[in-house]
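K.L.:
My questions will all concern the structure given below.
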Amino acid sequence: MNLIHDPWIPALCPKGKRELYSLQDLFAQAHELLDISAKPHERIALMRLLLCITQAALDGPMDEAEWEGCSTEIQPRARDYLGKWKEAFELFGDGPRFLQLDNLQSQKEPDEGVPASKLDLTLATGNNSTLFDNVAGCGRALLPASIAINLVTFQCFSPGGRIGVARWNGKDTPGKGSSNHAPCTPSSMVHGFVCGEDLLTTIHRNLVTRATAADVYGAKGWGRPVWEFPCHSESDRDSEFNATRTYLGRLVPLSRAIRLEEDGRTLLLANGLDYPTYPAFREASATIVTRKAELALLPASTSRSLWRQLAAISVQRRASQESACGPLALEHAPQTRDTKLWVGALVTDKAKIEDVVESTYALPAGMFSELGRAAYERGVGYAEERESALIQGIKAYASALKMAASACDRARQQFWTRAEQNLSKLFDLSKSPDLVGDLPTSAWGAGLQKSVLAVYEQFCPRQSPRQIEAYALGLRKVAERPRTHHQHPDLSL
């Protein structure tokens with residue numbers, strides 16, 4: 001199977017139907033295709049691959065001025081580039097293989113191997129989580145198209161932990177049976193991509209200029225894709241540096257040493273190259289935040305919705321300055337209209353996969369100003385205060401009845417679900433920051449209070465005299481008006 005000519009990438013055609021496309025056809029029809037159609041972690045890996053091919057084909061763009069006019073060059077340049085490197089995109093065969101190491105041999109018996117389903121992080125294979133799949137046993141044969149997308153994704157997201165050791169060019173693979181996270185996994189980092197009206201526009205809007213790469217990664221930080229500069233051994237310092245410490249080299253990584261068997265059922269799997277993470281290297285799609293006076297990756301969480309993090313994600317990078325900011329592609333975001341942003345992550349707890357999360361938001365232009373972000377952040381803070389008041393009310397109710405406040409977690413979930421339904425009112429704060437002067441009377445604040453009362457009613461019944469008395473005690477906590485100006489930053493910027 002050749003990934004340039006054979007269909008394997010899921011995308012939405014103009015009528016919204018999900019179909020598989022080869023790399024060649026995907027780029028040829030990118031101006032008509034609506035979007036990639038894949039799981040969140042697969043989407044991130046596929047976007048990195050498409051961006052890597054595009055930026056290698058363009059060898060740029062050099063700067064913002066060149067970026068403005070390069071969209072018409074993407075398709076013809078990508079077509080020529082893929083034609084030049086078609087042999088590097090073979091999935092099987094005796095020659096070079098895509099994202100697989102040559103001269104990789106097992107230390108076990110020749111017929112032993114890891115099930116190929118191990119590549120799919122959502123399948124219960126070996127010690128993979130059963131969160132998304134509970135089919136018992138192994139030995140499932142994957143179709144070549146599934147192997148291809150899982151191979152790209154696994155190299156980007158494989159969590160660290162114990163792993164087998166193989167022989168690579170006559171030497172043991174690195175790590176001595178231990179592996180670190182693949183580049184996209186550390187800290188459950190949130191990834192963000194700017195969305196366009198079609199796939200071609202989406203690719204264009206997420207290109208990083210060479211000028212930005214030089215500012216962020218240094219003079220040697222642009223690099224080459226790993227199929228252009230293959231790594232033949234761990235001691236090959238130049239190719240190892242390119243693969244692990246440059247922008248293009250890391251987009252499609254070799255974090256695991258893999259060799260697929262032709263039957264699609266088994267593979268050789270061992271540790272690959274070691275990819276340093278932030279602060280040694282930042283992924284272009286990640287968000288950097290300040291925590292405890294230090295810069296760190298913004299993590300995703302199953303208990304905190306992504307929209308509550310948008311004030312941090314929407315910060316645009318300042319040229320030649322290392323500071324907290326969102327994805328590098330936000331440098332291209334217009335200041336006069338909404339910007340559609342997709343955010344997602346693979347949430348892990350050390351080597352255990354917990355969940356995948358994703359959301360798409362239309363960010364108002366106000367989110368790219370300090371005043372608008374501060375207003376939005378204050379609105380999120382007010383929601384957190386309303387959540388706290390709700391929980392205090394439920395606890396007061398339970399205490400009066402001498403019962404455990406066991407409903408608090410479910411009440412929180414209900415509250416945040418209701419709050420998210422009014423998200424447009426929160427975005428209005430970034431458009432009109434003066435609305436935060438009296439948040440309780442704003443549309444956002446009034447909607448939050450309505451949600452608090454509805455959830456309180458649901459979890460605190462008042463059918464008996466004792467319940468009515470407890471209800472009244474808890475309602476005082478719920479109805480208490482907070483002093484928001486003591487809790488949030490000043491907006492007088």
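K.L.:
Whose amide H sits under 5 Å from the amide H of LEU123, counting only residues 5 or more places off or on another chain, with H placed in the peptide plane?
P.N.:
Amide H to amide H, under 5 Å and 5 or more residues apart or across chains, LEU123 pairs with nothing.
K.L.:
Using DSSP to define loop residues, name the GluC sites (Glu not before Pro) in the range 247-335 whose beta-carbon has at most 16 other beta-carbon atoms within 10 Å.
P.N.:
Those satisfying the criteria are GLU261, GLU262, GLU322.
K.L.:
Could I ask something else about it? Suppose we take every Cα in the range 321-391 and form the convex hull; what volume per residue is that in Å³?
P.N.:
159 Å³
K.L.:
Turning to a different aspect of this structure: Using a 1.4 angstrom probe on heavy atoms only, work out the carbon and sulfur share of the accessible area of the range 312-446 in %.
P.N.:
45 percent
K.L.:
Taking the range 66-121, which trypsin sites (Lys or Arg not before Pro) meet the DSSP loop condition and have no more than 15 other C-beta atoms within 10 Å?
P.N.:
LYS108
K.L.:
Relative to the compact globular guide of 2.2 N^0.38 Å, what is the alpha carbon radius of gyration of the range 186-232, as a ratio?
P.N.:
Working it through for the range 186-232, the quotient is 1.48.
K.L.:
Over the Cα atoms of the range 214-274, how large are the radius of gyration and the largest Cα-Cα distance (Dmax), in Å?
P.N.:
Calculated on Cα positions, Rg and Dmax stand at 13.4, 46 Å.
K.L.:
Quantify how much of the Cα-Cα distance distribution of the chain extends past 30 Å, in percent.
P.N.:
Above the 30 Å cut-off, the chain has 52 percent of its Cα pairs.
K.L.:
Accessible area per residue of the range 1-48 at 1.4 Å probe, in Å²?
P.N.:
39 Å²
K.L.:
So, taking all protein chains as they sit and a 1.4 Å probe, how much accessible area belongs to LEU200, in Å² rounded to tens?
P.N.:
Using a 1.4 Å probe on the heavy atoms, I get roughly 30 Å².
K.L.:
Something else about it: Taking only protein heavy atoms and a 1.4 Å probe, what accessible area per residue, in Å², does the range 198-349 have with all protein chains in place?
P.N.:
Each residue of the range 198-349 exposes 38 Å² on average to a 1.4 Å probe.
K.L.:
Follow-up question, since we're still on this one. Please compute, for the alpha-carbon atoms of the range 183-334, the extent along each of the three principal axes and give them in descending order in Å.
P.N.:
For the range 183-334, the Cα spread along each principal axis is 46, 39, 38 Å.
K.L.:
Next up: Rank these residues by their accessible area, most exposed first, probe 1.4 Å: TYR217, TYR382.
P.N.:
TYR217, TYR382
K.L.:
Whole Å is fine, so just give me how far the alpha carbon centre of the range 352-393 lies from that of the range 211-229.
P.N.:
34 Å
K.L.:
I would also like to ask the following. Tell me, what HN-Hα J-couplings in whole Hz come from the Karplus equation 6.51 cos²θ - 1.76 cosθ + 1.60 at θ = phi - 60° for each residue of the range 229-234, using x for Gly and Pro?
P.N.:
My calculation for the range 229-234 gives 10, x, 9, 9, 6, 5 Hz in order.
K.L.:
Where Rh is the Kirkwood radius over the Cα pairs of the range 64-125, the temperature 37 °C and the viscosity 0.692 mPa s, what D in µm²/s does Stokes-Einstein return?
P.N.:
209 µm²/s
K.L.:
A further question follows. Return the inverse of the average 1/r over all pairs of distinct C-alpha atoms in the range 390-487, which is the Kirkwood hydrodynamic radius, in Å to one decimal.
P.N.:
14.4 Å
K.L.:
Taking the Cα centre of each part, how many Å lie between the range 196-210 and the range 65-106?
P.N.:
Computed from Cα coordinates, the inter-centre distance equals 18 Å.
K.L.:
For the range 278-322, treating each Cα as an identical point scatterer without solvent, what Debye log10 I(q)/I(0) comes out at q = 0.14, 0.31 1/Å?
P.N.:
The Debye formula, applied to the Cα set alone, gives -0.36, -1.39.
The values are calculated or read from the model by the stated rules, or taken from the named source; none is laboratory data. Nothing here was measured: the structure is a model prediction, and the numbers come from that model. Cβ sites come from the backbone with ideal geometry, for glycine too, and all protein chains shown count toward neighbours. To get the accessible areas, we keep the full protein, side chains included, count just its heavy atoms, and leave off ligands, DNA and RNA. Shrake-Rupley method; radii C 1.70, N 1.55, O 1.52, S 1.80 Å.
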